[in-house]
Each structure stands twice: as structure tokens, then as C-alpha cells.
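Asks: Structure below; questions to follow.
The values are calculated or read from the model by the stated rules, or taken from the named source; none is laboratory data. All values reported here derive from a predicted model rather than from experimental measurement. Note that we place each Cβ from the backbone using ideal geometry, even for glycine, and neighbour counts take in every protein chain shown.
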Amino acid sequence: MSEITDVLIKALEAGGEVLMRHYAALDSIETKGSAKNLVTVADKQSEEAIKDVIWSHFPNHSILGEETGSHALRGSSDFRWIIDPLDGTTNYAHTMPLFAVSIGVEFKGEVVAGGVFNPYYKELFLAERGSGAALNGTPIRPSRNATLSQCLVVTGFPYDTPEVLQRCLSEIGKVLTHVHGVLRLGAAALDLCYVACGRLDVFWQRNLYPWDTAAGWLIVEEAGGKVTDFTGGQFSPFGNEVLATNGLVHEEFIQSFGNALR
Ligand code: IPD
Ligand code: CA
Ligand code: CA
């Protein structure tokens, strides 16, 4: 295992430890931007704990964290760590145990390692570019369902305007009749990992952020799945659309819904 992955695991565990310390023990819940967009002491302390681990090993690596933004203050490096210290804050705040720490590591703008850790279920999803993806050390691969009619799919809602949310609802209406079911779990990083390991077949969402998808993107691709935008174009964690599938139903999803989602 590379030194990067070793530190990645330590950082995920440090964040996870903070999350479990405050789990079901929050004194207050704040909001940021909109009344739906929650933030807790756990989000903030997790990000600090993660940054401490990264900078204690790599003082010149850049960091982009959801809660504290962009840090390239300690000298430049080709590495940038993209951190979601708590993905699934709404679940977490309600003691629903679907939440995770998500960290992607870029080298010269390419994600080379990624990890997503759910400390409640002790599930650690990891990928290194070119080396596959694993769940708690065991290699994972996506499902083999070859048609949408066999699929269990998941989507997510951004913290957004009523118009965007209406659009999300109408998208679900379109997809629902073609698949076994549509879920909304509330943690995008886990949605991606669940596609990677075959629990789910498709994940789509609009208006996510790089910290939601950087790690999960690599985990899906290294597991053997596919990630693009809604119409099959190159995916970017900095873009607006993510479509992740087991690979086998990717084209069918795009043909059936790609343009309708635009
Ligand atoms: C959110 C979750 C959710 C997704 C939202 C994200 P947060 O992240 O991943 O599933 O639908 O768009 O913002 O705020 O819990 O880190
Ligand atoms: Ca998130
Ligand atoms: Ca978050």
C-alpha cells in the first residue's frame, strides 16, 4: 500500500472517530445557506481532525475541505486532498446511521486515491488508481444486472431551489416505472460506493460538489463500473451531473432518460 493510502486511511479513521463521538449526542444543529442544509460540531471537528492527520504527514499538500474551503497555504505541492468530513449530515443529525467521511486525493489534477468510511457500520471503501477497489480489504465489483428492469437505483436531492427540487421529483417519476425501485439514501459518497459493490445498480444526481464525488468516482471506476454526466460525457467532480452505474445499464439509462434529465 502506498504512503498516500496509508495516510488516507488514518485521516478517514480520525474523521470517523469524531463522528462517532458526537453521534446521537448533539447539543445543537446549525444551518448554512438554507434551512435544509445542516451543519454540526461533528462536521467541523471531523474536518479539523482530518486536516491535522494530512498535514502532520504532508505539510505541503493542498486541501479542499467542504467546511473550511481551499488551503494551499503551506507551500505548493501537486497533491490536493478533497474532503467531505461528514457526508449525510441530515441523516447523522437524525441518528440515521447512513453517513460517511469521504476523501479523494488528486495528483496533478487527477484523482489517484479515494476512501469512503462509514464509522457506524465500520465499512471502509478504498481505491487506488490502477489497483482496483475494496471494501474492508476485500475486492469489490458492481452488479451484473444487464437491463434497467432488473435494477435498484438511487438518486439524491441537492439543497436547492424549489424549482430544482421539482425537477428532481419529476425525474424520479420518469425512472420509477422502469426499475425495481428508486431509493434516496441521503449520502452521495455512500450511493457511489453501493453502486461500486453491487448493492445498487445506478446512482444519478445533479448539483453535487467535488467533496461528494471525488472519492466515490474512483471507487466506482476501479471496481469496474462507469461514471459520466447524464448524457455520457466525461465526468468531472467539479461538474453538475453524476451518473454512476454498473457499466452494463449505462447506455440504456442514457438512452432512456439522459436527455429528459437535462
Ligand atoms: C449531501 C448528501 C446528499 C446529497 C446532497 C449532498 P452533505 O451532502 O450527499 O445525499 O443529496 O446533495 O449535499 O451535505 O450531507 O455533506
Ligand atoms: Ca456531502
Ligand atoms: Ca458534508
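Asks: Of all residues being within 13 Å of Gly15 (Cβ to Cβ) and buried (at least 20 other Cβ atoms within 10 Å of the Cβ) in segment 64-81, which is farthest from ligand 3 (Cβ to nearest atom)? Just the residue, please.
Replies: Within segment 64-81, the match that is farthest from ligand 3 (Cβ to nearest atom) is Trp81.
Asks: Let me ask another. Out of segment 108-138, which residues are loosely packed, with under 15 Cβ neighbours inside 10 Å, under 29 Å from Ala24 (Cα atoms) and not small (Gly, Ala, Ser)?
Replies: Tyr121, Lys122, Asn136
Asks: Since Lys226 meets every condition but one in (1) under 22 Å from Arg167 (Cα atoms); (2) surrounded by fewer than 24 Cβ atoms within 10 Å (Cβ to Cβ), which condition does it not meet?
Replies: Only one criterion is unmet by Lys226, namely (1).
Asks: A further question follows. Looking only at segment 29-46, decide whether some residue is among the small types (Gly, Ala, Ser), exposed (fewer than 15 other Cβ atoms within 10 Å of the Cβ) and part of a strand (DSSP E or B).
Replies: Restricting attention to segment 29-46, the residues satisfying the condition of being among the small types (Gly, Ala, Ser) are 33-35, 42, 46.
Cutting the leftovers down to exposed (fewer than 15 other Cβ atoms within 10 Å of the Cβ) gives us 33-35.
Subsequent filtering for residues that are part of a strand (DSSP E or B) retains 34-35.
Yes - at least one qualifying residue is present in segment 29-46.
For (1) closer than 13 Å to Phe253 by Cβ; (2) of a type in the set (A, V, I, L, M, F, W, C); (3) at pLDDT below 95, each residue gets a yes or a no:
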| residue | (1), (2), (3) |
| --- | --- |
| Arg129 | no, no, no |
| Gly137 | no, no, no |
| Ser143 | no, no, no |
| Leu148 | yes, yes, no |
| Cys151 | yes, yes, no |
| Thr155 | yes, no, no |
| Thr161 | no, no, yes |
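Asks: Could you please tell me which pairs satisfy a Cβ distance under 7 Å, a separation of 6+ or placement on different chains, a first residue in segment 1-15 that is over 11 Å from Ile54 (Cα atoms), and a second residue that is β-branched (Val, Ile, Thr)?
Replies: Partner pairs satisfying both residue conditions: Gly15/Ile50; Gly15/Val101.
Asks: Shifting gears a bit: Being in a loop (DSSP other than H, G, I, E, B) and touching a Leu at 6+ places or on another chain (Cβ under 9 Å), is that true of even one residue in segment 47-60? Can you show your working first?
Replies: Within segment 47-60, the subset in a loop (DSSP other than H, G, I, E, B) is 58-60.
Filter again for touching a Leu at 6+ places or on another chain (Cβ under 9 Å), leaving none.
Checked segment 47-60: no residue is in a loop (DSSP other than H, G, I, E, B) and touching a Leu at 6+ places or on another chain (Cβ under 9 Å).
Asks: Moving to a separate point now. Six or more apart or on different chains, Cβ atoms under 9 Å: show the pairs whose first residue is in segment 180-191 and β-branched (Val, Ile, Thr) and whose second is more than 14 Å from ligand 3 (Cβ to nearest atom).
Replies: Going by the 9 Å Cβ cut-off, the qualifying pairs are Val182/Leu152; Val182/Val153; Val182/Val154; Val182/Thr155; Val182/Ile172; Val182/Val175; Val182/Leu176.
Asks: State which residue is farthest from ligand 1 (Cβ to nearest atom) when the search covers only segment 2-25 and only residues that are closer than 20 Å to Thr68 by Cβ and aliphatic (A, V, I, L, M). Write out each step before concluding.
Replies: Of segment 2-25, the ones closer than 20 Å to Thr68 by Cβ are 7-8, 10-19, 21-22.
Narrowing further to those that are aliphatic (A, V, I, L, M): 7-8, 11-12, 14, 18-19.
Numbers: Val7: 22, Leu8: 19, Ala11: 16, Leu12: 15, Ala14: 17, Val18: 14, Leu19: 12 Å.
Looking at the filtered set, the residue picked out is Val7.
Asks: If you don't mind, another one. Could you tell me how many of the residues in segment 207-231 are farther than 26 Å from Glu128 by Cβ and in contact with a Leu (Cβ under 8 Å, 6 or more places away or on another chain)?
Replies: Residues in segment 207-231 being farther than 26 Å from Glu128 by Cβ and in contact with a Leu (Cβ under 8 Å, 6 or more places away or on another chain): 1 in total.
Asks: Right, here's the next one. Scan segment 204-219 for residues that are within 10 Å of ligand 1 (Cβ to nearest atom) and not aliphatic (A, V, I, L, M) and jot them down.
Replies: Taking segment 204-219 first, the residues within 10 Å of ligand 1 (Cβ to nearest atom) are 205-209, 211-213, 216.
Listed by number, the residues that qualify are Gln205, Arg206, Asn207, Tyr209, Trp211, Asp212, Thr213, Gly216.
Asks: Please verify whether Ser102 is away from ligand 2 (no atom under 16 Å from the Cβ) and either part of a loop (DSSP other than H, G, I, E, B) or of a type in the set (Gly, Ala, Ser) (or both), treating the condition exactly as stated. Before the answer, list the steps.
Replies: On the way: away from ligand 2 (no atom under 16 Å from the Cβ): no; either part of a loop (DSSP other than H, G, I, E, B) or of a type in the set (Gly, Ala, Ser) (or both): yes.
It is false that Ser102 is away from ligand 2 (no atom under 16 Å from the Cβ) and either part of a loop (DSSP other than H, G, I, E, B) or of a type in the set (Gly, Ala, Ser) (or both).
Asks: Follow-up. Filter segment 36-70 for residues that are within 16 Å of ligand 1 (Cβ to nearest atom), among the polar types (S, T, N, Q) and at pLDDT 95 or above and give the result.
Replies: The answer is Gln45, Ser46.
Asks: Name the residues in segment 220-249 that are of a type outside the set (Phe, Trp, Tyr), assigned to a loop (DSSP other than H, G, I, E, B), away from ligand 1 (no atom under 14 Å from the Cβ) and in contact (Cβ under 8 Å) with a residue 24 or more places away in the chain, would you?
Replies: Scanning segment 220-249 gives Gly224, Gly225, Thr231, Gly232, Asn246, Gly247, Leu248, Val249.
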